[in-house]
1. Can you list residues whose amide H is under 5 Å from Gly330's amide H, if they're 5+ apart or on another chain and H is modeled 1.01 Å from N?
2. Hey, could you get me the Stokes-Einstein D for the range 34-155, Kirkwood radius over alpha-carbon pairs, 20 °C and 1.002 mPa s, rounded to whole µm² s⁻¹?
3. Dipole of the chain, Cα-centred, from +1 at each Lys and Arg C-beta and -1 at each Asp and Glu C-beta, to the nearest 20 debye?
4. Among Lys329, Lys208, which comes first, then next, by fewest other beta-carbon atoms within 10 Å?
5. Residues of the range 16-44 with the amide nitrogen closer than 11 Å to a label point 7 Å from the Cα of Ile6, along Cα-to-Cβ, please.
6. Give me the three principal axis extents of the range 156-280 from the C-alpha atoms, as integers in angstrom, largest value leading.
7. Tilt of helix 239-248 relative to the longest C-alpha principal axis of the chain, in degrees (0 to 90, nearest 10)?
8. Is the shape of the range 204-348 rounded, prolate or oblate, going by the alpha carbon gyration tensor and its root eigenvalues a ≥ b ≥ c, with a/c under 1.5 for rounded and a/b larger than b/c for prolate?
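Please treat every number below as a calculation from the coordinates, not as lab data. Small disclaimer: the values here were computed from a predicted structure and weren't measured. Cβ: placed from backbone, ideal geometry, glycine included. Neighbour counts: every protein chain shown.
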Amino acid sequence: MRVEKIDLKNLSQAELESFTASFGKERYRSIQILRWLYQRGVHSFDEMTNLSKKFRQALEGVSFISNLHPLLVEESRDGTKKFLFQLEDGNRIESVLIHDKKRLTLCISTQVGCAMGCRFCLTGKKGLKRSLTTAEIVNQILAVRETLPDKTSITNIVLMGMGEPLANYENTLRAIQLMTHPEAFKFSSRKVTLSTVGLLPELEQLGKEKVRFRLAISLNASDEATRSPLMPVNCFHPLKKILEVCRKFPLQPRARITFEYVLLQGENDSPEDAKRLLKMLKGIPSKVNLIPLNEAPGIPFKKPSEERVRQFQDILMEGGLTSIVRTSKGADISAACGQLQGKLYNLN
Ligand code: SAH
Ligand code: SF4
């Protein structure tokens, strides 16, 4: 019988601890492995020089260290870089690296494609191929990090690439745990943001998890009648219920939920929409990211004029709601929000 080897990067910190314990090893050995994998980013067991040769060989007998290599890196006029990765099974995903003043933000994918079918999003147009493993999620960070010059580091991670993170709950959470673990990637929980359409059972479950991060909810409308045709998922996970969960969501002191709102001309961009949004978010510690639509062939909407966007933002600000207009980066290489297609996922 051929026994499948374990991909070490699919294990959470606790799972790695049990794994090393099965060799009769102490906890600190698992910590050493975590550091090799995520702080040093090694590709082989031989590089783990503080482990005995015998232990390294034993590990190699039953496990392996997976990696991703970019197939293509495209650079936008504004410096945004898009990385295309080919997975073991031939599927393709993308990650986007965005420079913004002092921040270097990496936007990563959690699925190949997406099943949610939002009508303004190219990722949604092709449907879902499959979810990513934990290793495939964290390997995007490691692979991009390797391309950076010395002394340059990724400061923020956003799970806003291809896919709906809460539709790949377990693997996404395990990946976030590794991102924020002090012996693994060591990102502060304030520097990791998960963006979701708000799948209700998973959203409620999130509030009970120990792992911490920033939460962003893609609202994109201020009432059910507008949201449902734009986001079919709203029929099963309606706005009203999502906001009820948000109202009770356990937040760290001073933390806020980010609400994302893609502005579509004539669909959800009127002053009445802005007023409804303001009213709807009363009582929830929130801030709003307004994203004028990134237009693309095949997307049946237009972005509103700058004046209209400003008017929308002014209404929110006057009502005391912090709101930021997100200028799109990387649109010339299709790297902006909603434009990731993994080069059509697969060439096979
Ligand atoms: N599936 C998750 C995360 C990936 S999408 C989610 O929907 O939240 C990340 C963000 O891109 C979402 O807020 C989504 O509303 C936005 N988006 C999708 N298509 C877009 C487009 N064409 N222009 C601007 N933003 C878009
Ligand atoms: Fe999926 Fe998010 Fe795109 Fe909707 S906006 S189709 S949930 S990736």
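1. HN-HN under 5 Å from Gly330: Asp78, Thr80.
2. Working: Rh = 16.3 Å.
Translational D for this selection: 131 µm²/s.
3. Values: 52 positive and 38 negative charges, 165 e Å.
Around 800 debye, computed over the chain.
4. Values: Lys329 22, Lys208 7.
Neighbour counts put them in this order, fewest first: Lys208, Lys329.
5. Flagged as within label range: 16-24.
6. So the extents along the principal axes, rounded to whole Å, are 48, 28, 26.
7. 60
8. Numbers: a/c = 1.61, a/b = 1.19, b/c = 1.35.
Note, shape of the range 204-348 comes out oblate.
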